[in-house]
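The values are calculated or read from the model by the stated rules, or taken from the named source; none is laboratory data. Quick caveat, the model's predicted, so the values are computed rather than measured. Methodologically, a virtual Cβ is constructed for each residue, glycine included, from the backbone with ideal geometry; neighbour enumeration extends over all protein chains shown.
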Amino acid sequence: MIAANSETGVLTPVADVRDLVPSAHARLHVDAARFTGRMPFHFEQSGINAVSLSANNLRGPKGIGELLVRHGVPQAQGRQKRHRRGGTENLPAIAGFTAAPERISETASVAALCDALEQRLRCALPAVHVFSAQASRLPGTSYLRFGEVPAEVMLQRLELLGVAASSGSA
């Protein structure tokens, strides 16, 4: 399951799902690529069996990820390193991934800036709709509709103003 939707920023109730897993005799793997670095996360205390991370979502290099697996959870086996990995490591990317968490911004200040942006947009442009405004969301992620204005037109206008935006997830 994903911890947070990459387009809307809406958080999945991972703890609620985690609590159901033992009675189902299942294991829980969480894709936390968008979540980590934006919200507090502690794998040791999470009770999750496995979690995937992505360096580029932590402002690190593209093309490298990490799989954290709780001790004792069975894993697929690779052909190298005592059957723990499938191929040769990309050492420069690993080094970049290691440095990525040092570049993470303050969650509270990003959330406040995002809230202020959404509020000012709603005041200035009454046709603006903020999707999932009442849901628990990642700080810094807004999913907006600007009335009937086509996405490409809005993206061009925002680019001229120096605003980074997209019409979908990467």
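For residues in region 133-155 being charged (D, E, K, R) and farther than 22 Å from Val10 by Cα, which is modelled with the highest pLDDT?
This residue is Glu152.
Those helices (runs of 4 or more DSSP H) of region 1-101 in which 1 or more residues are modelled with pLDDT of 90 or more and either of a type in the set (Phe, Trp, Tyr) or surrounded by 11 or more Cβ atoms within 10 Å (Cβ to Cβ) (or both) occupy 14-20, 43-46. For the structure I just gave you, tell me whether Gly47 is touching a strand residue (DSSP E or B) at 6+ places or on another chain (Cβ under 8 Å), on the phi > 0 side of the Ramachandran plot and not β-branched (Val, Ile, Thr). The answer is no for Gly47.
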